[in-house]
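Let me begin by presenting the structure, written as structure tokens, before commenting on it.
The values are calculated or read from the model by the stated rules, or taken from the named source; none is laboratory data. Bear in mind the structure is a predicted one, so any value in this text is a computation, not a measurement. Glycine gets a Cβ as well: all are built from the backbone with ideal geometry, and neighbour counts include every protein chain shown.
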Amino acid sequence: MMRAVVITLVLAGIAAGLLGPAPCARAQSIEASAVVVGGTLTITRERDLDFGDVIRGVPATIAVGNAASGRFLIRGTRGAEVSLDFLLPTFLMVGPNTLPISFGPTAAGHHTLPQAQNAVLFDPHVTRITQLRASNGFLYAWLGGTVSPSLTQPPGVYTGAITLVVSYTGS
């Protein structure tokens with residue numbers, strides 16, 4: 001019986017040595033860190049899209065670089081990636097009367113400086129991914145479009161809401 005206890009203790013000692021740390025093993029740790037920013041985004045409507053006076057039967061187009069194009073200023077975390085999504089009307093309205101409005105594949109633009117002539121043009125019907133300016137977190141977005149009055153278009157001041165939704169992508 002004594003021999004069985006000794007063998008058991010020897011086997012337990014061998015197992016403990018095999019399962020424990022090796023004599024030359026070392027350990028070191030690193031830390032993980034993340035900077036959580038406020039993530040605040042502000043959008044300022046700087047200028048409405050203004051077609052001015054239009055003539056019945058004659059479509060009127062405003063390009064991104066035109067002083068009458070709509071302009072937004074977006075402010076957020078410097079260098080952050082954002083998505084731009086426009087919610088666009090298909091008609092402007094005055095009372096029961098409608099005026100068709102459309103937005104072509106280059107009717108929107110964005111740039112980190114207020115320079116529409118240097119804007120990156122894009123289709124406002126498609127989500128655009130871009131970055132806020134690294135030095136100050138600014139981004140400008142412009143929108144142009146085309147109205148198409150009919151030959152019998154009733155006179156009036158036609159309006160419609162255009163909404164720009166800006167979101168951080170997390171990238």
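Only residues that are touching a Gly at 6+ places or on another chain (Cβ under 9 Å), surrounded by 15 or more Cβ atoms within 10 Å (Cβ to Cβ) and not basic (Lys, Arg): list them for region 69-80, please.
69, 70, 74, 76, 77, 80, listed by residue number.
Taking interchain pairs and intrachain pairs at least six residues apart, which have beta carbon atoms under 6 angstrom, with the first residue in region 116-134 and under 21 Å from residue 101 (Cα atoms) and the second of a type in the set (Lys, Arg)?
Final answer for the pair search is 122/128.
Within the set of pairs 6+ apart or on separate chains, which have a first residue in region 81-100 that is closer than 25 Å to residue 53 by Cβ and among the polar types (S, T, N, Q), a second that is in a loop (DSSP other than H, G, I, E, B) and modelled with pLDDT of 95 or more, and C-beta atoms under 6 Å apart?
Once the first residue is closer than 25 Å to residue 53 by Cβ and among the polar types (S, T, N, Q) and sits in region 81-100, its partners that are in a loop (DSSP other than H, G, I, E, B) and modelled with pLDDT of 95 or more give 97/154.
What single numbered condition from (1) outside any strand (DSSP E or B); (2) without any contact (Cβ under 8 Å) to a residue 60 or more places away in the chain; (3) in contact with an Asp or Glu (Cβ under 7 Å, 6 or more places away or on another chain) fails to hold for residue 171?
It fails just one condition, (2).
Among the residues that make up region 59-69, is at least one of them assigned to a strand (DSSP E or B), in contact (Cβ under 8 Å) with a residue 60 or more places away in the chain and in contact with a Pro (Cβ under 7 Å, 6 or more places away or on another chain)?
No - not one qualifying residue is present in region 59-69.
Given 134, 116, which one is more than 15 Å from residue 51 (Cβ to Cβ) and in contact with a strand residue (DSSP E or B) (Cβ under 6 Å, 6 or more places away or on another chain)?
116
Can you run down the residue pairs with Cβ atoms below 8 Å, 6 or more apart or on separate chains, where the first is in region 27-48 and modelled with pLDDT of 90 or more and the partner is assigned to a loop (DSSP other than H, G, I, E, B)?
Partner pairs satisfying both residue conditions: 41/76; 42/76; 47/69.
Looking at residue 77, is it polar (S, T, N, Q), free of Cβ contacts under 8 Å to residues at least 40 places away in the same chain and within 19 Å of residue 165 (Cβ to Cβ)?
In short, no.
Looking only at region 94-142, how many residues end up being closer than 27 Å to residue 56 by Cβ and buried (at least 18 other Cβ atoms within 10 Å of the Cβ)?
Of the residues in region 94-142, 5 are closer than 27 Å to residue 56 by Cβ and buried (at least 18 other Cβ atoms within 10 Å of the Cβ).
Quick check, is residue 44 surrounded by fewer than 19 Cβ atoms within 10 Å (Cβ to Cβ) and β-branched (Val, Ile, Thr)?
yes
Answer with yes or no whether residue 56 is under 30 Å from residue 150 (Cα atoms), touching a residue at least 60 places away in the same chain (Cβ under 8 Å), among the charged types (D, E, K, R) and surrounded by 12 or more Cβ atoms within 10 Å (Cβ to Cβ).
no
Scan region 3-23 and give yes if some residue there is part of a loop (DSSP other than H, G, I, E, B) and either charged (D, E, K, R) or modelled with pLDDT of 95 or more (or both), otherwise no.
No, that holds for no residue.
Please verify whether residue 151 is buried (at least 19 other Cβ atoms within 10 Å of the Cβ) and touching a residue at least 60 places away in the same chain (Cβ under 8 Å), treating the condition exactly as stated.
No, not satisfied.
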